[in-house]
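Have a look at the structure below, then the notes.
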Amino acid sequence: MPKRKLYSQTGSQMNDMNTGMPELNFDNSYARLPEHFYHRVAPQPLQDVSLVSFNPSVARILGLEGGQISADVMAKFSSGQLGFTGSEPLAMKYAGHQFGVYNPDLGDGRGLLLGEVVTSENERWDIHLKGAGTTRYSRFGDGRAVLRSSIREYLASAAMAGLNIPTTRALALAHSQDQVMRDGMMEPCAGLLRVTRCHIRFGHFEHFFYQNMHDDLKVLADYSIERYFPACADQPNPYVAMLREVVTLTASLIARWQAYGFVHGVMNSDNMSLIGETFDYGPYSFMDNFRSDYVSNHSDDRGRYAFANQPNIGLWNLACLAQALLPLAEREELEAELERYRSLFPAYEHQILAQRLGLRERIDSDVELIADLRKLMFGQQLDGNRFFREINTFAGGVEQRQSISEMACNQNALMQWLERYEERLNHEVLTADQRRDQMDAVNPRYVLRNYMAEEVIQAATDGDYEPVNQLLAVLSNPFADWSEHQRWAELPPDWASGICLTCSS
């Protein structure tokens with residue numbers, strides 16, 4: 001029998017006339033892999049649901065328009081009450097290292113891959129329902145997502161996309177009156193429709209490696225290459241070439257996290273995307289004041305996933321993936337690809353920070369200038385994103401240097417750095433206006449601070465969804481001047497420092 005290509009167009013193209021949902025072309029290639037790769041299971045519907053939000057930019061990716069679908073219908077699709085024609089729900093099996101310890105018992109315990117939509121541009125997108133109920137991988141969990149954590153993921157994915165940081169996306173969010181216990185209290189449930197090109201994690205490969213299922217490991221690797229890295233198929237060893245791509249994508253992603261002060265919180269290997277996207281949002285934070293030892297997850301009592309540790313943890317997780325590929329490639333070749341990360345990451349981070357400073361010309365002294373700024377930012381615990389936005393209009397002079405220096409405890413140290421920065425700008429070919437335009441495009445006026453999420457979560461819990469949608473619009477275009485939401489661009493309130501996040505967040 002000839003091999004069936006992953007991209008064959010076999011999915012249903014029926015339009016469900018009973019719901020008003022426009023046609024989506026499903027072609028579920030992952031469901032054609034061996035049955036033990038997953039657990040086929042239908043969503044367990046949430047009851048008494050209402051639509052919190054619908055993201056039109058994600059809808060357009062899929063070829064949907066918000067006006068075509070009623071809020072009631074979208075809420076039912078987002079809660080498992082209605083299923084997409086042509087979908088084949090399944091829970092993926094994987095494993096992974098959690099806080100450095102291997103756990104073989106992982107898998108989709110509260111979410112289901114509904115299927116893969118192929119757009120008119122021949123782009124393939126996974127649709128995933130989070131909060132869909134129990135699967136055989138739920139262990140002792142209830143299989144539900146709560147409104148609080150679902151809003152945080154929904155907004156975070158929009159915020160990261162707005163900042164041009166690779167991320168999973170979210171199409172819609174529904175609120176249910178069903179409740180479950182979290183952190184000692186009852187909380188309302190939610191359903192989140194997640195959209196991404198890839199739900200394969202490093203932990204998928206670890207599962208087959210540690211189970212000595214090397215034939216299945218090869219099946220997964222071949223599938224991943226065909227779907228995500230087709231150019232690697234022509235390389236001398238496609239599996240080494242795939243690792244090379246994953247190393248590059250991961251280094252670039254984490255460099256962006258570091259440049260914008262993002263702390264993931266749970267960088268377990270099962271939360272690492274094969275295509276270098278920010279994945280599985282939990283107790284994340286965009287830091288207010290930049291601290292190298294900042295830990296966003298209250299459960300991380302040893303600080304394994306502190307902000308400053310993220311680059312090395314990225315490499316550690318890549319080493320887990322490389323180890324899982326040992327049955328398919330020589331150790332020396334895999335180790336050589338891992339070694340590339342050590343130079344790739346700092347190069348990417350430097351490039352992004354230079355853009356944030358408006359530096360287009362490459363000068364050797366920039367390495368020291370940027371390194372000294374990072375020391376200042378963390379030593380003085382500056383509000384990093386506000387600082388970068390403030391220097392968008394920096395034109396030099398004592399008065400402006402003094403004004404910006406007020407952001408630091410040691411104003412003299414920042415003044416001295418700004419004098420060096422002013423001198424450095426004299427070597428740029430860009431005019432002040434050109435530099436400002438460049439910096440306006442990379443230095444956001446708004447980032448998703450924890451207090452902002454807390455405010456809209458409380459409103460949504462009380463049945464007011466408008467604040468969520470206002471914040472969604474702002475975060476989707478964080479470089480714009482939203483005059484009616486100016487307070488979100490200012491210093492966070494004093495109570496924001498007391499927000500505590502755990503894995504249930």
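The values are calculated or read from the model by the stated rules, or taken from the named source; none is laboratory data. Treat the numbers as computed from the prediction; the structure is a model and nothing was measured. So basically every Cβ, Gly included, is an ideal-geometry build from the backbone, and we count neighbours across all protein chains shown.
Kindly indicate which of 415, 439, 452 is farther than 20 Å from residue 359 by Cβ and among the aliphatic types (A, V, I, L, M).
Answer to the check: 452.
Identify, from the list 387, 378, the residue that is farther than 30 Å from residue 171 by Cβ, in contact with a Phe, Trp or Tyr (Cβ under 9 Å, 6 or more places away or on another chain) and touching a residue at least 60 places away in the same chain (Cβ under 8 Å). Outline the logic, then answer.
Details: 387 fails: touching a residue at least 60 places away in the same chain (Cβ under 8 Å).
Unique residue meeting the criteria: 378.
Does at least one position in the stretch 308-325 carry a residue that is surrounded by fewer than 19 Cβ atoms within 10 Å (Cβ to Cβ) and in a loop (DSSP other than H, G, I, E, B)?
no
Say whether the condition of being out of contact with any helix residue (DSSP H, G or I) (no Cβ under 9 Å at 6 or more places or on another chain) and either among the acidic types (Asp, Glu) or touching a residue at least 12 places away in the same chain (Cβ under 8 Å) (or both) is met by at least one residue in the stretch 326-338.
yes
Matching residues to (1) part of a strand (DSSP E or B); (2) assigned by TED's automatic domain parsing to the domain that holds residue 209; (3) under 30 Å from residue 388 (Cα atoms); (4) of a type in the set (A, V, I, L, M):
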| residue | (1), (2), (3), (4) |
| --- | --- |
| 116 | yes, no, no, no |
| 126 | yes, no, no, no |
| 139 | no, no, no, no |
| 143 | no, no, no, no |
| 151 | no, no, yes, yes |
| 161 | no, no, yes, yes |
| 165 | no, no, yes, yes |
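Scan the stretch 416-425 and tell me whether some residue there is over 34 Å from the mean Cα position of the chain (by Cα) and outside any helix (DSSP H, G or I).
no
Mind checking which residues of the stretch 426-452 are in a helix (DSSP H, G or I) and in contact with a strand residue (DSSP E or B) (Cβ under 8 Å, 6 or more places away or on another chain)?
Scanning the stretch 426-452 gives a single hit, 450.
Only one of 453, 480, 460 is of a type in the set (Gly, Ala, Ser), surrounded by 17 or more Cβ atoms within 10 Å (Cβ to Cβ), within 24 Å of the chain's Cα centre (by Cα) and more than 25 Å from residue 306 (Cα to Cα). Can you tell me which?
460
Which of the residues spanning the stretch 392-434 are of a type in the set (A, V, I, L, M, F, W, C) and farther than 18 Å from residue 381 by Cβ?
Answer for the stretch 392-434, where residues must be of a type in the set (A, V, I, L, M, F, W, C) and farther than 18 Å from residue 381 by Cβ: 394, 395, 398, 425, 429, 430, 432.
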